[in-house]
1. Within the set of pairs 6 or more residues apart or between chains, which connect a residue that is on the phi > 0 side of the Ramachandran plot and assigned by TED's automatic domain parsing to the domain that holds residue 414 inside the stretch 12-35 to a residue that is outside any helix (DSSP H, G or I) and more than 16 Å from the ligand (Cβ to nearest atom) with Cβ atoms less than 7 Å apart?
2. Step by step: first the residues of the stretch 374-402, then only those that are within 25 Å of the chain's Cα centre (by Cα) and on the phi > 0 side of the Ramachandran plot, then the one that is surrounded by the fewest Cβ atoms within 10 Å (Cβ to Cβ). Which residue is that?
3. Among the residues of the stretch 364-373, which ones are within 15 Å of the ligand (Cβ to nearest atom) and surrounded by 24 or more Cβ atoms within 10 Å (Cβ to Cβ)?
4. Can you pull out every residue in the stretch 174-187 that is buried (at least 22 other Cβ atoms within 10 Å of the Cβ) and within 13 Å of the ligand (Cβ to nearest atom)?
5. For the stretch 97-144, which residues satisfy the criterion of being out of contact with any strand residue (DSSP E or B) (no Cβ under 9 Å at 6 or more places or on another chain) and more than 20 Å from residue 180 (Cα to Cα)?
6. Please determine whether any residue of the stretch 193-214 is within 11 Å of the ligand (Cβ to nearest atom), over 26 Å from residue 39 (Cα atoms) and within 24 Å of the chain's Cα centre (by Cα).
7. Name the residue, out of 251, 314, 259, that is away from the ligand (no atom under 13 Å from the Cβ) and touching a strand residue (DSSP E or B) at 6+ places or on another chain (Cβ under 8 Å).
8. If I filter the stretch 341-373 down to residues being under 26 Å from the mean Cα position of the chain (by Cα) and in a helix (DSSP H, G or I), which single residue comes out as farthest from residue 289 (Cα to Cα)?
Ligand code: EPU
């Protein structure tokens, strides 16, 4: 198992290109199952989660290759209908095959994902949304068994409550092959959801309202294989920005969509960072302690829950007391105890954390508990005095490509060790 050894503190200086968004690639990969032929997706990051999703698609009979950021998915013989517990328990996003298998194969057996480290994370909306299209859904021995009714899926009306990224993507993928009009209300408008809708539309789907909370889909259509370029990862960009806010320095990030970064940029500006935007690039500079802030995570265009841990690391060294409330996942605070090991002064009360800023963090051994928590610990380690060892970095490899090499290119003293 690998770990990172980080010697701090160092400032971050230089330029980096941001990769394609993990959470945009995964639904596009599932959407390849909605057509027969070779889908080609560009700007694909070489992440563990992407490789893992490739094994799921291969298990369904697809051929997959990822070379130099180009992902080719051949579905000519993808006749499989099952995603096993062994796969789904390792990656919740495996649930994305449910909608395409149901709509294209007429039947799907997909394991229920179960909970995760920060709560139950239900998939009821995915199932209710598909039931609204006429799907017959049964839960059998831990598996979702979904079948199209006689005559196929038909258009329906469904409202997501609460807003769900995965639910919106999954039901949307099923709806494009349903007969008649489907109206989906209170849809997630995260850029990754919009990117999926655009990918489907470019492949022949008829979707109105893309980028808004109400999607109107007219079906059925015969989709062509996908041809898409993945949008930039706003969370990866935000993570490097948080690193500069925490450790100080100046970094220019290229390959970004600055509009997608607005919710993050607004908070970091309030915290005293100087941020300048150009088309496709953003530069952040920070010096001295950040200013304390108050954040509530919300669905896009609110502040993203996937940046909460990294921002908490910044708040840990802020001048003053900060407040962070989780509006999406009430229990997503597994990083708090580890940040405390680095000297952060944080109190959690329900879904709200109070962070009493300290002048400096101190290096220590810590344990990564999930993807974004790991990112927060790595950033904290770069800014902390002394040696920080981040164990269980496989979490971070799921969603950040070579983060240690990229941070090192900005001046961080970080190395990977296999233990
Ligand atoms: N929810 C339900 N029922 C459902 C689905 C969701 O009640 O059927 C609730 C959840 O419990 C949560 C809220 O709705 O309170 C939002 O969950 P959502 O469905 O939007 O989350 P997700 O699709 O499971 C995606 C990202 C997460 C990100 C969330 C929120 C992917 C693969 N995952 O998860 O990303 O935190 O949206 O933005 O896109 C990450 O990248 O680290 C990550 C966890």
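The values are calculated or read from the model by the stated rules, or taken from the named source; none is laboratory data. Just so you know, these numbers come straight off a predicted model, no measurement behind them. Please note: Cβ atoms are built from the backbone with ideal geometry, for glycine as well, and neighbour counts cover all protein chains shown.
1. Filtered contacts from the stretch 12-35: 14/251; 14/410; 14/411.
2. Among residues in the stretch 374-402 that are within 25 Å of the chain's Cα centre (by Cα) and on the phi > 0 side of the Ramachandran plot, the one surrounded by the fewest Cβ atoms within 10 Å (Cβ to Cβ) is 402.
3. The initial filter retains those residues of the stretch 364-373 that are within 15 Å of the ligand (Cβ to nearest atom), namely 368-373.
Result: 368, 372, 373.
4. So in the stretch 174-187, the residues buried (at least 22 other Cβ atoms within 10 Å of the Cβ) come out as 174-178, 182, 184, 187.
The one that is buried (at least 22 other Cβ atoms within 10 Å of the Cβ) and within 13 Å of the ligand (Cβ to nearest atom): 187.
5. 113, 114, 115, 116, 117, 118, 119, 120, 121, 122, 124, 141
6. The answer is no, given that none of the residues of the stretch 193-214 is within 11 Å of the ligand (Cβ to nearest atom), over 26 Å from residue 39 (Cα atoms) and within 24 Å of the chain's Cα centre (by Cα).
7. Details: 314 fails: touching a strand residue (DSSP E or B) at 6+ places or on another chain (Cβ under 8 Å); 259 fails: touching a strand residue (DSSP E or B) at 6+ places or on another chain (Cβ under 8 Å).
Only one candidate qualifies: 251.
8. By that ranking, first place goes to 371.
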